[in-house]
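One structure is given here, and the rest of the page talks about it.
The values are calculated or read from the model by the stated rules, or taken from the named source; none is laboratory data. This one's a predicted model, so the numbers in the text were calculated from it and none came from an experiment. Cβ placement follows ideal geometry from the backbone for every residue including glycine, while neighbour counts extend to all protein chains displayed. Just the protein is used for accessible areas: all its heavy atoms, side chains included, with ligands, DNA and RNA removed. Shrake-Rupley method; radii C 1.70, N 1.55, O 1.52, S 1.80 Å.
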Amino acid sequence: MRNINAISGLILLLYLSFSIHGGAAGASSIRRHTFVIKEASYTRLCSENKIMTVNGEFPGPTLYVYKGDTIVVDVINHSPHNITLHWHGVAQPRNPWSDGPEYITQCPIQPGRKFSQRVEFTFEEGTLWWHAHSEWTRATVHGAIVVYPKKGSTYPFPKPHAEVPIIFGEWWKNGVFETYKEFLGSGGDPNASDAITINGQPGNLFPCSKSDTFRLDVVRGKTYLLRLVNAVLQDMLFFAIADHQLTVVGTDGSYTKPFKSNYITISPGQTIDVLLEAKPSQQYYSSSSPMKQYYMAARVYSSNPGAVFDNTTATAILHYNDHQDWILHHSSQPTLKLPPLPSVNDTSASVAFTGRLRSLSTSSSDAEPVPKDVTTKLFLSLSINLQPCPNNYSCPPGGPFNGTVRIAASINNVSFVEPRSVDILSAYYNHINGVFRTDFPHKPKHPADYTGDRPFEGAATTHGTRVKVLGHNSAVEVVFQGTNLALGSDHPMHLHGMSFYVVGWGFGNFDERRDPKGYNLVDPPFVNTVAVPRNGWTAIRFRASNPGVWLMHCHLERHQTWGMQMVFIVKNGKGRKAQMLPPPPDMPPC
């Protein structure tokens, strides 16, 4: 057995060397990280819960890399649950084997097993994140990725005094696994979380939380880079800091043209980089009510009036900590005030923020330019569906509409079904028939008034494992069309393996003759996740230059569970560098 393990380790080392250096000898080293998946006890809201963690941490460890780096993460599962890890926003060129979505590019890492994932950073620069991609385990298994500029390069803005990841999450008193189990059995919406968290803490508006509230210490006159990550399962968020403006400089591992804003709108899966300028000393001396601390706050944005959501406000403290503190100790401090966040259903505020994002054009960018001559056009309707019972699924008593339907979700009326005996990537690579079909529709079968009032009678969906095949290097345009089929909602859509340009958006039904005339093909934001507005549309473009199997899905976890996901297969191109890499020897078995 010892010799077999040694041989397996040698094969893995040779695979990693070949895949990084293209088979040629090289002096570059591979930096390794060990992620041990295990349960750990955490106390929040006055009660203790066992949660899934990486290395016992919640949120998990932050990875620090430079643009162009390659790392290997040894994932060891010491938990009682299956797990996979996804490197959100990392293109993983030619290597979908390490992308992570369960039953799409790999079978889960079973308890007691391990898997070494190679993560290669190419054009990405800024903030990304990693998270579990198996059922709802990402609720507590997640962490930030900081991608610094290449050594010898610098930011397109003055170097900040310090950089701080700010990760938004959720906490359930009942536990994530129990909530997930109840959700699957109910046929309807899941129970809302009991608190939004900032760096793992709900803040001092909650019981048993004041002493552990996250605190950011700053020095007057200094600038701080806040790396915001929305790791929340079910909701978009508004975020602000009382009496402070923020300067947006990046999103999803790409720089943006800077702009100032009093608040941030951030979708699940999205990252946003902002500069915080601490107040200068002269403002302190000129103030009749000197402040030493300010609230940072986050709360849900929900456009669907019928949806269940967490209606709490998470807080953290911005604390001025410098030589003037002794003065403040001897003066009365005004009561902390919450920043004026937009209303929970303020769609205008949400799109007003996201509509200001523009990419920063630089000659040194390694990203593909905006595709101008589109070769493949897809029109994808995003729907919440009502599945009558009996049909494919039984309905529990007390479910939606008196137990007569289950809620589902679909793209072009197809609710995606994950295989279980083998993952799609392995089936594609090994030519295994019967696992998936390649006839995913490029547009809805029946055109309609997608955003008008729709009768529930037509809200049923079909179920299947159907994929869309793309030619290598094809220029792709996707128009996401939100619908009001059963329940209208925002949909943060995330594409694995490729980032994309958001060239247009609007409300109502997309008009293929009128709306493309208003596309931004000059400086559209370059992202991996975009929120399609409720009863509206969003157009994206990308070049399918990365061969492999890549998932696209709504990053609201309940929508993905209901079936709002699909798979692209990007074919190999000509030449070795346009070919998908072979699988590593330690792929997890099903």
(request) Could you check how many residues of the stretch 190-204 are more than 22 Å from TYR180 (Cβ to Cβ) and modelled with pLDDT of 95 or more? (result) 4
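Residues in the stretch 203-213: is at least one under 30 Å from ARG406 (Cα atoms) and either in contact with a helix residue (DSSP H, G or I) (Cβ under 7 Å, 6 or more places away or on another chain) or of a type in the set (D, E, K, R) (or both)?
Of the stretch 203-213, the ones under 30 Å from ARG406 (Cα atoms) are none.
For the stretch 203-213, residues under 30 Å from ARG406 (Cα atoms) and either in contact with a helix residue (DSSP H, G or I) (Cβ under 7 Å, 6 or more places away or on another chain) or of a type in the set (D, E, K, R) (or both): absent.
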(message) I'd like the full set of residues that are polar (S, T, N, Q) and either within 15 Å of HIS33 (Cβ to Cβ) or open to solvent by 10 Å² or more (accessible area, probe 1.4 Å) (or both), limited to the stretch 112-139.
(response) SER116, GLN117, THR122
(message) Suppose the filter is in contact with a strand residue (DSSP E or B) (Cβ under 7 Å, 6 or more places away or on another chain) and open to solvent by 10 Å² or more (accessible area, probe 1.4 Å); does ARG576 pass it?
(response) no
(message) All but one of (1) within 19 Å of THR354 (Cα to Cα); (2) of a type in the set (A, V, I, L, M, F, W, C); (3) assigned to a strand (DSSP E or B) hold for LEU225; state the number of the condition that does not hold.
(response) (1)
(message) For the list (1) within 22 Å of GLY126 (Cα to Cα); (2) surrounded by fewer than 24 Cβ atoms within 10 Å (Cβ to Cβ), I need the number of the one condition that GLY508 fails.
(response) (1)
(request) Scan the stretch 315-328 and report the pairs whose first residue is under 12 Å from ASP217 (Cβ atoms) and part of a strand (DSSP E or B) and whose second residue is at pLDDT 65 or above and of a type in the set (Ser, Thr, Tyr), with Cβ atoms within less than 8 Å and a gap of 6+ or a chain change. (result) ALA316/THR213; ALA316/TYR295; ILE317/THR213; ILE317/TYR294; ILE317/TYR295; LEU318/TYR294; LEU318/TYR295
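Does VAL503 fit the bill of being surrounded by fewer than 24 Cβ atoms within 10 Å (Cβ to Cβ) and β-branched (Val, Ile, Thr)?
Details: surrounded by fewer than 24 Cβ atoms within 10 Å (Cβ to Cβ): yes; β-branched (Val, Ile, Thr): yes.
Against the criterion (surrounded by fewer than 24 Cβ atoms within 10 Å (Cβ to Cβ) and β-branched (Val, Ile, Thr)), VAL503 qualifies.
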(request) Return only the number of the condition from (1) at pLDDT below 95; (2) in contact with a strand residue (DSSP E or B) (Cβ under 8 Å, 6 or more places away or on another chain); (3) among the hydrophobic types (A, V, I, L, M, F, W, C) that ILE327 does not satisfy. (result) (2)
(request) Name every residue in the stretch 419-454 that is closer than 19 Å to PHE379 by Cα and of a type in the set (Gly, Ala, Ser), in order of residue number. (result) ALA448, GLY452
(message) When you scan the stretch 167-177, do you find a residue that is open to solvent by less than 40 Å² (accessible area, probe 1.4 Å) and either more than 19 Å from the chain's Cα centre (by Cα) or free of Cβ contacts under 8 Å to residues at least 12 places away in the same chain (or both), even just one?
(response) yes
(request) Could you give me the residue pairs with C-beta distances under 6 Å whose first residue belongs to the stretch 38-54 and is surrounded by fewer than 11 Cβ atoms within 10 Å (Cβ to Cβ), whose second residue is among the charged types (D, E, K, R) and assigned to a strand (DSSP E or B) wherever it lies, and which are 6+ apart or on separate chains? (result) SER41/GLU48; SER41/LYS50
(request) Collect the residues in the stretch 368-377 that are open to solvent by 10 Å² or more (accessible area, probe 1.4 Å) and either closer than 21 Å to MET564 by Cα or of a type outside the set (A, V, I, L, M, F, W, C) (or both), keeping them in residue-number order. (result) GLU368, PRO369, LYS372, ASP373, THR375, THR376, LYS377
(message) For the list (1) in contact (Cβ under 8 Å) with a residue 60 or more places away in the chain; (2) open to solvent by less than 20 Å² (accessible area, probe 1.4 Å); (3) in contact with a Lys or Arg (Cβ under 9 Å, 6 or more places away or on another chain); (4) hydrophobic (A, V, I, L, M, F, W, C), I need the number of the one condition that VAL549 fails.
(response) (3)
(request) Kindly indicate which of THR197, THR213, THR223 is open to solvent by less than 50 Å² (accessible area, probe 1.4 Å), β-branched (Val, Ile, Thr), in contact (Cβ under 8 Å) with a residue 40 or more places away in the chain and in contact with a His (Cβ under 8 Å, 6 or more places away or on another chain). (result) THR223
